[in-house]
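To start, the structure itself, in C-alpha cells.
The values are calculated or read from the model by the stated rules, or taken from the named source; none is laboratory data. Note that the structure is a prediction, hence the values are computed from the model and not measured. Cβ: placed from backbone, ideal geometry, glycine included. Neighbour counts: every protein chain shown.
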Amino acid sequence: MPQPSRTATGRTAGRIGLIAASVMVGTAAIAVVGAAGFTALVARRIVTPPRRRDADIRILAVDRDPDEGEPERITVSATPDTVLAGRYGLWFDDDRGYARMGEVLECDGARVTRELLSVDSGVLVPGLRGRISGWFHRHPRELGLPVEEVLVETEGGPAPAWLVPAEEGTDRWVVQVHGRAAARGEAIRAVPVFRDAGYSSLIISYRNDPEAPPSPDGRYGLGDTEWRDVEAAVELAVERGATEIVLMGWSMGGATVLQAAMRMAPQRQELLRGVVLESPVVDWYTTLEFQAATLRVPRAMRLGALSAISSPWGAPFTGQRSPIDLRAMDLVTRHLELVLPTLILHSDDDGFVPSTASRALAEARPDIVRLEAFDTARHVKLWNYDRERWEGALRRWLSERDAIARTAQSGRR
C-alpha cells in the first residue's frame, strides 16, 4: 500500500490543528457569552420585583380533627425556617391561602409537626406547597385596633398606607417600611409596642409594590430611590400633626429608611427622633455577596453583577433607568454621617442578610447605635421567635428616647 507523502501528512495535521484550535476558540467564546449572560441574569434578578415567591416547603399532613384536648396540627417539610420555635404565618397554594402556625410539637429532621392555630383563607390540604412567613398578621384590624386607610402622595402617584392612631391624640409618629418583595403586612408586628408608647403608626407601601405606583423603569432602587416615598410619608405625617417621627425599616426597608434619614429635606430631618432597623441591609455589597455565595454564583460573576447594577453600562442588561450607587449606601463606611439614635434588631443566623454589617456599624458608632443580637431567629422572624425579647428591646429603646427628650426640655426651661 502506498504511503502518504510528508507534505500531505503535514497538511492534514495542520488542518486538524486548525480545526482543534477553532473548536477551542469557539468553546471559549460560548463560555464567555454564557458567563456574561448569566451575570446579566443575576444583575437583572437583583433589581427586578418578583412576580411570585418561592414555595420551598411541602405540606405533608393536616389534622383538623384531633383527639379531645389536643391542638389541630400541620406537618410540613423541615427547613431552617420551619423548625424555628415561635408563631408564624404560612402562605400556601400560590399564596391564595394563608394559615397560622404555633409551636413545634414534633420534629424528626425531615418532617416537622406544629400547632395549627388558624386557616384564614384557602383550603389547606396535604400535597400543596407553601412558604413560611414572619408576618403572622395580614391586616392591622386583626389587632382589634382602629385603622384608617390613607394614601401617600408619592412622585409616582398615590400609594396606599395604613394609619393606626395612638390611643390618645399625639404628635409622635412612626413610619414603617417593609422589605424587598414583601408588603405592608410585614410591619404590623411592631404596631402594639409603638401604640403603647404613644405613637401613631403609618405603615406604607412604596414604588413597585403590587398595590403602589411603579417606578419609571419598574426596577428596585434598593433604597436609593424608594427613600423618596418615605419622605412623602413623612410629609403626610406632618400634615396630620406629627412633630416627632421615628423611621422603622425591615430588611431592604432598613436601607431605605437610612437613606431617607440622610437625604430628605433638612426641615424634615429635624423632626426625626430615631431609626429602628429589623434584619436590615446596612451595606449592599456585604448582603449581595453573601446571597450570591449562598447560591454558589462564581465570584467573578458576583462582582460583574454588582458592577452592572451600579454602573451606567449595565442599564441594557438590568432595565434600570439609572445605576445604583452601592458605595454611597454603605453605612459602615459612612458611619460618621449617621446622627440619629438607632436600634438594630438582627439575628446572627439570619440566613439572608448577614449581621456582619449591623455589627460593624454598632461597633463604629457605639454612641448612638444599639444592636440587639439574636442567634437563631432567621431573617425578619425575630418577633416570631422571641416576641417577649423583641418587644422588650423596642420598648426600652423608646422609653429611653422619651427620657432623653424630657431631660432636654427641662434643660431649655
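Side notes on the structure shown:
- Taking the criterion of being more than 13 Å from ALA40 (Cβ to Cβ) and surrounded by 13 or more Cβ atoms within 10 Å (Cβ to Cβ), the residues of segment 303-316 that qualify are LEU303, SER310.
- Cβ-Cβ under 8 Å pairs, at least 6 apart or on other chains, segment 287-299 side touching a residue at least 40 places away in the same chain (Cβ under 8 Å), far side charged (D, E, K, R) and not in a loop (DSSP other than H, G, I, E, B): LEU288/ARG302; ALA292/ARG302
- Any hit, segment 384-398, residues being touching a Gly at 6+ places or on another chain (Cβ under 7 Å) and part of a helix (DSSP H, G or I): yes
- Just one residue in the set PHE374, PHE317 is among the hydrophobic types (A, V, I, L, M, F, W, C) and at pLDDT below 95; that residue is PHE317.
- With a requirement of 3 or more residues that are touching a Phe, Trp or Tyr at 6+ places or on another chain (Cβ under 8 Å) and either within 21 Å of ARG268 (Cα to Cα) or without any contact (Cβ under 8 Å) to a residue 12 or more places away in the chain (or both), the strands (runs of 3 or more DSSP E) lying completely within segment 133-218 that satisfy it span 172-177, 200-204.
- Qualifying residue in segment 89-105 (condition: closer than 28 Å to SER347 by Cβ, outside the structural domain of ASP350 (by TED's automatic domain parsing) and not in a strand (DSSP E or B)): yes
- ALA242 vs. criteria in the same structural domain as ILE368 (by TED's automatic domain parsing), of a type in the set (Gly, Ala, Ser), more than 14 Å from VAL177 (Cβ to Cβ) and not in a loop (DSSP other than H, G, I, E, B): no
- Taking the conditions (1) free of Cβ contacts under 8 Å to residues at least 24 places away in the same chain; (2) touching a Lys or Arg at 6+ places or on another chain (Cβ under 6 Å) in turn, ASN384 satisfies each one other than (1).
- Residue satisfying all of: in segment 218-233; surrounded by fewer than 24 Cβ atoms within 10 Å (Cβ to Cβ) and touching a strand residue (DSSP E or B) at 6+ places or on another chain (Cβ under 8 Å); nearest to LEU288 (Cα to Cα) among these: ARG228
- Residue list for segment 70-102, restricted to those being basic (Lys, Arg) and in contact with a helix residue (DSSP H, G or I) (Cβ under 9 Å, 6 or more places away or on another chain): ARG87
- Among all residues of segment 347-361, there is at least one that is more than 18 Å from LEU222 (Cβ to Cβ), assigned by TED's automatic domain parsing to the domain that holds GLU278, surrounded by 20 or more Cβ atoms within 10 Å (Cβ to Cβ) and touching a strand residue (DSSP E or B) at 6+ places or on another chain (Cβ under 6 Å).
- Test: residue in segment 265-278 that is touching a residue at least 40 places away in the same chain (Cβ under 8 Å), under 24 Å from ALA40 (Cα atoms) and over 19 Å from the mean Cα position of the chain (by Cα): no
Per-residue answers, yes or no, for (1) under 23 Å from VAL238 (Cβ atoms); (2) of a type in the set (A, V, I, L, M, F, W, C); (3) buried (at least 23 other Cβ atoms within 10 Å of the Cβ):
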position: VAL147; (1), (2), (3): yes, yes, no
position: ALA166; (1), (2), (3): yes, yes, no
position: GLN176; (1), (2), (3): yes, no, yes
position: ALA187; (1), (2), (3): yes, yes, yes
position: TYR199; (1), (2), (3): yes, no, yes
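- Selection status of LEU331, closer than 30 Å to GLU270 by Cα, at pLDDT 95 or above and either in contact with a strand residue (DSSP E or B) (Cβ under 7 Å, 6 or more places away or on another chain) or part of a helix (DSSP H, G or I) (or both): no
Every residue, every condition in (1) in contact with a Gly (Cβ under 8 Å, 6 or more places away or on another chain); (2) part of a strand (DSSP E or B); (3) assigned by TED's automatic domain parsing to the domain that holds TRP313, yes or no:
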| position | (1), (2), (3) |
| --- | --- |
| PRO49 | yes, no, no |
| VAL76 | yes, yes, no |
| VAL112 | no, yes, no |
| LEU116 | yes, yes, no |
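- Criterion violated by GLN320 - all others in (1) touching a Leu at 6+ places or on another chain (Cβ under 7 Å); (2) surrounded by 20 or more Cβ atoms within 10 Å (Cβ to Cβ) satisfied: (1)
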